[in-house]
Amino acid sequence: MKGGSAMKQIELKLWECLKEVTDPGANLNVADMGLVKELSVSDDGVVNVILRPSSPICPLAFVLAVNIKEALEKVEETTSVHVKVIDFVRADELNAMLEQE
């Protein structure tokens, strides 16, 4: 089991990765835009993220969700990354696609 400070370090790494994922429409990163509502990492390296696109009909939601997942998977301490999209008209479809990846 990892200690609290080690978990905090991993979380910081994950947030830094999120700053590299840019919303092309706004030209801002998803972390600074506040699109990631929750981010947690378990002791065994499972990352859970809740993404709320900038609008319920955001045309870039699919791209952003996949880019977030791929960016966080690059952190070596992670074993899997689960992105859940909320408040989006096609959330069910997008969440199903993300779970298949």
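A few points about this structure:
- Condition met for residue 54 (surrounded by fewer than 18 Cβ atoms within 10 Å (Cβ to Cβ), farther than 16 Å from residue 99 by Cβ and at pLDDT below 95): no
- Residue count, segment 55-90 (criterion: among the aliphatic types (A, V, I, L, M), more than 14 Å from the chain's Cα centre (by Cα) and farther than 18 Å from residue 34 by Cα): 1
- Residue match in segment 6-21 (condition: under 13 Å from residue 98 (Cα atoms), in contact with a strand residue (DSSP E or B) (Cβ under 8 Å, 6 or more places away or on another chain) and either in a strand (DSSP E or B) or of a type outside the set (Ser, Thr, Tyr) (or both)): no
- The single condition among (1) in contact with a Lys or Arg (Cβ under 9 Å, 6 or more places away or on another chain); (2) crowded, with 18+ Cβ neighbours inside 10 Å that residue 86 does not meet is (2).
The values are calculated or read from the model by the stated rules, or taken from the named source; none is laboratory data. These numbers come from a predicted model, not from an experiment. Here the Cβ is made from the backbone with ideal geometry for all residues, glycine too, and neighbour counts use every protein chain on show.
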